[in-house]
C-alpha cells in the first residue's frame with residue numbers, strides 16, 4: 001500500500017496508485033447544495049487535497065474518479081473555468097508579497113482570456129471580476145473559485161506587524177469583494193483556512209459565506225473516520241500489531257488514543273488526524289508526527305502571551321461564541337487554540353447549548369504542553385529528554401532520583417522567568433509550573449488537582465507498579481506537606497491497591513527557584 005504523505009494533488013494520488021480515502025460522495029453533495037462556502041480545519045488535515053479534488057471534478061476529469069462514489073453520482077461531467085488561489089508557501093512577513101502573488105495569478109488569467117493591458121486602469125478586485133465575466137462568457141459556464149489557506153497572509157504577521165496586518169486585510173477585502181460584484185458569473189466558491197478570525201473584516205465586502213466548519217453534513221470532509229480506518233487500513237493495522245506484539249484490536253486502541261478524538265460537529269463523529277495516521281502506517285511506529293512536522297509561528301507567538309492555566313481552560317463547557325470567534329486576539333487564546341486543532345469538542349450539552357473542550361488525543365496534548373512549558377519556563381534542559389528520565393524513575397520506583405530531576409530542571413529555569421513582584425504572582429507561577437510539569441508526565445495516569453472528599457490533591461501519578469501522591473508547598477516544609485496527605489486521607493482510596501505507594505512532600509523555594517526540601521515515605 002502506497003501512502004500519499006506530503007502529496008496534496010488528487011491527480012497525482014490517483015495516477016500514482018496511492019491510497020485515497022473516498023470523500024467524493026460528500027464533495028458531490030457539497031457542490032450541489034452550496035454556492036459560497038468556508039471550511040476551517042487544522043493544518044495538515046487534507047484541506048489542500050480537498051481543493052485539488054474539487055478542481056479536477058470541475059475540470060470534468062471523469063477518468064480520475066473511476067471506481068469512486070463520484071463516478072456513479074455525476075452524470076454530466078461539465079467543464080467549468082476554475083480559478084485556484086493557493087496562499088501556501090508565501091512568506092507574507094515581506095511587504096508586497098501578498099500583492100505580488102495576487103498580481104501573478106490575475107495576470108496569468110488575463111492573458112488566458114485576452115484581457116492583458118488593463119493593470120493601471122483597475123484594482124485587483126475589479127481585474128478579477130473582469131476575468132470571471134470573460135470566463136463565463138467564453139465557456140458558457142459560470143466560474144469556480146477555490147482559495148486554499150485564505151488566512152495565511154494574516155496569520156504570518158499576526159502580533160508581529162500591525163501595519164502590515166491591516167494592509168493585508170484591506171488587500172484581501174478588496175480581492176474577495178469580487179464575489180458580490182460577480183455573483184452572476186460564479187458557480188461555486190470554497191475558501192479554506194485554519195482560523196475563522198478574519199471573516200468579518202476580510203469578507204465584509206460580500207455576503208458571508210456558508211460556514212460548513214461545524215456542519216454535521218460535512219464533519220468528515222477532511223480527516224479519517226473510524227469506519228474509514230477499518231475499511232481502508234485493516235492490513236497496515238495488522239502489520240503494526242505484529243511489530244508491537246499485540247492484537248489488532250489493541251493496536252486500533254493505541255492508534256485511537258494517539259491520533260483520534262477530533263470532533264467537528266455536535267454529532268461527535270470521531271475523526272483521526274490523517275497526516276499522523278498515514279505516517280504511522282508508513283513508518284509502522286507511533287510517534288508525534290503532527291507536532292514534529294513543525295509548530296506554527298503564530299502558535300509560538302500566542303504562547304508568549306499565554307496567561308491561562310490549562311487546567312482551568314480544558315475540560316470545561318463553553319458557549320459557541322466563546323471559542324468560535326471572528327476576531328483574532330492573541331490575549332484571548334481559546335478560539336485560536338481550538339480552531340488550530342489543539343483543543344476539540346468532547347461533549348455537547350444540547351439543553352444549554354454548551355460544548356466541552358479538551359485535547360483531542362495524546363499526540364496533541366503532549367506536543368502542546370511541551371511547547372507551552374518550553375515557552376513559559378524556558379528551561380536549559382530539553383523538555384522531552386527530561387520527561388523520559390522522569391518516566392524511567394517512576395517506572396523504577398525511585399523517588400530520590402525524582403527529587404534530583406525536579407531540582408535540576410527547576411534550577412535551569414532563568415531567574416527572569418520566575419521573578420515575580422508579589423506573593424500572589426509567585427504562588428501562581430509555582431502552581432502553574434508544577435501543573436505543566438506533571439501534565440507532561442502523561443504516559444501514565446496523571447491526576448492534577450484531583451478533588452477528593454476531604455480536599456484537593458496536588459497530583460497523583462499511577463504506574464503499573466507504583467502510585468505517587470504529591471503535595472507541593474511554596475516556602476513551607478516537606479513535613480507539613482506529608483502531614484496534609486495523611487490528615488486529608490489522600491491515600492485512602494489506594495488502601496487495597498497492590499501497587500507500592502509513595503507519599504511525597506515537596507517544597508518549592510521562591511528564593512532559589514528550585515526544590516528546597518523533599519521527603520518521600
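The values are calculated or read from the model by the stated rules, or taken from the named source; none is laboratory data. Bear in mind that the values here come from a model prediction, so they are computed numbers and not experimental data. So basically every Cβ, Gly included, is an ideal-geometry build from the backbone, and we count neighbours across all protein chains shown.
Would you confirm, using the coordinates I've provided, whether residue 13 is within 25 Å of the chain's Cα centre (by Cα), in a loop (DSSP other than H, G, I, E, B) and under 19 Å from residue 148 (Cα atoms)? Here the answer is no, as residue 13 does not meet what is asked.
For the range 95-120, the candidate set comprises residues that are buried (at least 17 other Cβ atoms within 10 Å of the Cβ) and more than 18 Å from residue 176 (Cα to Cα); within that set, the residue that is modelled with the lowest pLDDT is 115.
Criterion first (under 30 Å from residue 167 (Cβ atoms) and either in the same structural domain as residue 192 (by TED's automatic domain parsing) or in contact with a helix residue (DSSP H, G or I) (Cβ under 9 Å, 6 or more places away or on another chain) (or both)) does residue 10 satisfy it?
Working: under 30 Å from residue 167 (Cβ atoms): no; either in the same structural domain as residue 192 (by TED's automatic domain parsing) or in contact with a helix residue (DSSP H, G or I) (Cβ under 9 Å, 6 or more places away or on another chain) (or both): yes.
Here the answer is no, as residue 10 does not meet what is asked.
Restricting 115, 122 to residues that are touching a helix residue (DSSP H, G or I) at 6+ places or on another chain (Cβ under 8 Å) and either outside the structural domain of residue 177 (by TED's automatic domain parsing) or free of Cβ contacts under 8 Å to residues at least 12 places away in the same chain (or both) narrows the list to 122.
Would you mind finding the one in 267, 319, 254 that is surrounded by fewer than 16 Cβ atoms within 10 Å (Cβ to Cβ), modelled with pLDDT of 80 or more and either assigned by TED's automatic domain parsing to the domain that holds residue 92 or touching a helix residue (DSSP H, G or I) at 6+ places or on another chain (Cβ under 9 Å) (or both)?
Working: 319 fails: either assigned by TED's automatic domain parsing to the domain that holds residue 92 or touching a helix residue (DSSP H, G or I) at 6+ places or on another chain (Cβ under 9 Å) (or both); 254 fails: surrounded by fewer than 16 Cβ atoms within 10 Å (Cβ to Cβ).
Every option except 267 fails the conditions.
For (1) in contact with a strand residue (DSSP E or B) (Cβ under 9 Å, 6 or more places away or on another chain); (2) in contact (Cβ under 8 Å) with a residue 60 or more places away in the chain; (3) surrounded by fewer than 18 Cβ atoms within 10 Å (Cβ to Cβ); (4) outside any loop (DSSP other than H, G, I, E, B), each residue gets a yes or a no:
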{"position": "1", "(1), (2), (3), (4)": "no, yes, yes, no"}
{"position": "22", "(1), (2), (3), (4)": "no, no, yes, no"}
{"position": "29", "(1), (2), (3), (4)": "no, yes, yes, yes"}
{"position": "44", "(1), (2), (3), (4)": "no, yes, no, no"}
{"position": "50", "(1), (2), (3), (4)": "yes, yes, no, yes"}
{"position": "60", "(1), (2), (3), (4)": "no, no, yes, no"}
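Kindly indicate whether residue 180 is part of a loop (DSSP other than H, G, I, E, B) and either over 17 Å from residue 33 (Cα atoms) or modelled with pLDDT of 95 or more (or both). Answer is no for this residue. For the range 504-521, the set of residues classified as touching a strand residue (DSSP E or B) at 6+ places or on another chain (Cβ under 8 Å) and either over 16 Å from residue 481 (Cα atoms) or surrounded by 20 or more Cβ atoms within 10 Å (Cβ to Cβ) (or both) consists of 504, 505, 506, 507, 508, 510, 514, 515, listed by residue number.
Counting the residues of the range 475-488 that are part of a loop (DSSP other than H, G, I, E, B) and exposed (fewer than 14 other Cβ atoms within 10 Å of the Cβ) gives 0. Here the condition is being modelled with pLDDT under 85 and crowded, with 17+ Cβ neighbours inside 10 Å; of 433, 445, it holds for 433 alone.
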